[in-house]
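Where a number appears in this text, it was derived from the coordinates with a stated rule and is not lab data. Note that the coordinates shown come from a computational prediction; the quantities given were computed from them, not determined experimentally. Every residue, glycine among them, receives a Cβ derived from its backbone with ideal geometry; neighbour counts consider all protein chains shown.
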Amino acid sequence: MKSSDAVHALSDRGSPMARGAVRAPLRSTLVLGVLLQGLALASSGCATVTTIQRADEHTVKVFSGTRQDLRAIGGETAENQRYRAPPPPYPWLDLPFSFALDVLVLPLTLPAAASLTWGR
């Protein structure tokens, strides 16, 4: 068998590496799609988004979404006067997303909280 024949035989059957290479982008695309849909669903009722958008300008917003979720889990069902935002409908589902978003916006909320606390 010539080397060119071996190459043609391998390309006809497809190597395991080539088949795995085709599946990897499909799998990563599927995972990315599921994550994006989950984030879109979570952000529609995300406590972090609602508390930061609706809160009074002189309110500390550090981990506000996480705190709002924990209040809702604890049984507080009324709209929180501090944040002017209703509690999320599914706080257990929202909690990990709010925590992650609260951590991401921490570089913005910490300086704002420090200026509110020490700037008075």
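Sort the stretch 52-110 into rounded, prolate or oblate with this rule: let a ≥ b ≥ c be the square roots of the eigenvalues of the Cα gyration tensor; rounded if a/c is under 1.5, and if a/c is not under 1.5, prolate when a/b is larger than b/c, oblate otherwise.
oblate
So for the pair T59, T117, with labels modelled 7 Å out along Cα→Cβ, what separation do we get in nm?
1.9
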